[in-house]
């Protein structure tokens, strides 16, 4: 006895196949979006590590710089104290991860900017002490510090670029749905320009 397919059975199979195809497409799209977000987040993490490396290099230069400057007669103690205290504050602020919230990023940046400003003022004041600026050790430290400051600016800019790329990708559909499903893909905060960074430090003698 031969059983013939009824229109109802044929429709049921068609619907089942369509549902399966849609499910595969959704799953495939989710996997692709997830993997792209992971790759993008890895780039942000790697660049954030570079930012921290150059910040650490600057912090490591401070003790040698302060020790060298202390040898100059009558050098302004308040300037050295400001540098030492700013470096101490940097050490007290826990370095956030690349996935930090904007408040933690702002706190970290503020501490780093204060140290950068204190170092800038120290170098400006040092110009009034020829016996200090004439020493090879000071000139070497000054060159290293200036090079490090340039590196900080570059690495912060690169971090902002990869963070922007991640945030843009995260906001696009369907990645935005995937980001909502997985809590690890939070938006990345940016470094902001330091207030008054365009002006040279003013020092009164």
Give me the distance between the Cα centres of the range 42-78 and the range 104-133, rounded to whole Å.
-> 9
Highest mean first, what order results for 113-122, 141-150 on Cβ atoms within 10 Å?
-> 113-122, 141-150
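Each reported figure results from applying straightforward, stated rules to the coordinates on display, with no laboratory input. Just so it is clear, the model here is predicted, and its values are computed rather than measured. Methodologically, a virtual Cβ is constructed for each residue, glycine included, from the backbone with ideal geometry; neighbour enumeration extends over all protein chains shown.
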